[in-house]
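Asks: Shown below is the structure under consideration.
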Amino acid sequence: MKPPKKTVPLEPPPSCESSIPGPAPAPASSFDPPISFSTVIEDDHRTINSYAARLKKARTSQDRARLLGEVTWRMVRHDISEELIMRPALIAHLGLTGQQMAEHDRLDHERARTELMALFNLGVDEPDFLPRVNALMAELHEHMRTESGEQIPALERMLGPSESQRLGREYIRTFALTPELETLDPAIGLRRRVWATVEEYTCMDSAGFRVVWESLTEEQVCSAMSEYYGSRSGPGRGKGKL
């Protein structure tokens, strides 16, 4: 008779996750069910695509300007999230192939950021605006298809479930990097925005974002994670409403 199979208890998540509402938590669990890295990336892609679709359908100058800003900062944050979390993982687990994937991914995002800033300078009422938006979104769709269909599956095959979930949690933490993020200014003792405008946010390099990311407070991280888990448990679950 074989001895009973030994069960391994679930590793508790980071402290701020214990009180975050998640999708259909197990009755005996007080924290959110783990979510794989690929699931988090797909949710991020859906969010960007959702705003991009709304930008292409916008009819007024005000809506186009607002949605261009929304798509721009979300694309930049997506790029930074990958720079902080995904690309190092690709290199660590896939070696030279992963390094090539990471560099290709980085260059795609650099081109997209350049074009988004060009759209800001062009103006939302110019005749070329919508055709250029459509062309950019087509390129980004192909980029996401490659990422979701080739790069992420290759990475997931090298990860165990716990490592995939850990990377997913780390990626979610980067969702705190929004243009509205505030920090305490010690000179005046008041909170102020890190970036005055979306354009300023977009122009920050990855090193600058890393400094901001490493200085995030527990409260800011928990707020971002709570919003993400809430988006997955509500009526818009899985539809990119982050």
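Quick note: the coordinates plus some simple rules give every number you see, no bench work behind them. This is a predicted model, so every value here is computed, not measured. Every residue, glycine among them, receives a Cβ derived from its backbone with ideal geometry; neighbour counts consider all protein chains shown.
Asks: For segment 142-199, report the convex hull volume of the alpha-carbon atoms normalised per residue, in Å³, without decimals. Don't skip to the answer; put the middle values down first.
Replies: On the way: hull volume 6.7 nm³, N = 58.
Spelled out: Cα convex hull of segment 142-199, divided by residues, is 115 Å³.
Asks: Need one number: nm distance between label points at SER233 and ALA138, each 7 Å from Cα along Cα→Cβ, rounded to one decimal.
Replies: Placing both labels 7 Å along Cα→Cβ, they lie 4.2 nm apart.
Asks: Quickly rank 212-218, 101-107 as a protection proxy: mean count of other C-beta atoms within 10 Å, highest first.
Replies: Averaged packing, sorted descending, gives the order 101-107, 212-218.
Asks: What length, rounded to one decimal in nm, is gained on full extension from THR178 through to GLU218, with 0.36 nm per residue of separation minus their alpha-carbon distance? Spell out each step's value before the answer.
Replies: Numbers: separation 40, 0.36 × 40 = 14.40 nm, distance 1.54 nm.
Difference between extended and current length: 12.9 nm.
Asks: Quote to one decimal, in nm, the extra length available between SER162 and SER206 on full extension: 0.36 nm per residue of separation minus the C-alpha distance between them.
Replies: On the way: separation 44, 0.36 × 44 = 15.84 nm, distance 2.72 nm.
Answer, rounded to one decimal: 13.1 nm.
Asks: Still on this structure, I have one more. So what are the radius of gyration and Dmax for the Cα set of segment 33-233, in Å?
Replies: 17.3, 50
Asks: What is the order of MET75, MET117, fewest Cβ neighbours within 10 Å to most?
Replies: On the way: MET75 21, MET117 15.
Sorted ascending by nearby Cβ count, the order is MET117, MET75.
Asks: Which ³J(HN,Hα) values, rounded to whole Hz and listed in residue order, are derived for segment 64-81 from phi using the Karplus coefficients 6.51, -1.76 and 1.60 in 6.51 cos²θ - 1.76 cosθ + 1.60 with θ = phi - 60°, glycine and proline given as x?
Replies: After applying 6.51 cos²θ - 1.76 cosθ + 1.60, I find 5, 5, 5, 6, 4, x, 5, 5, 4, 5, 5, 5, 5, 5, 4, 4, 5, 4 Hz.
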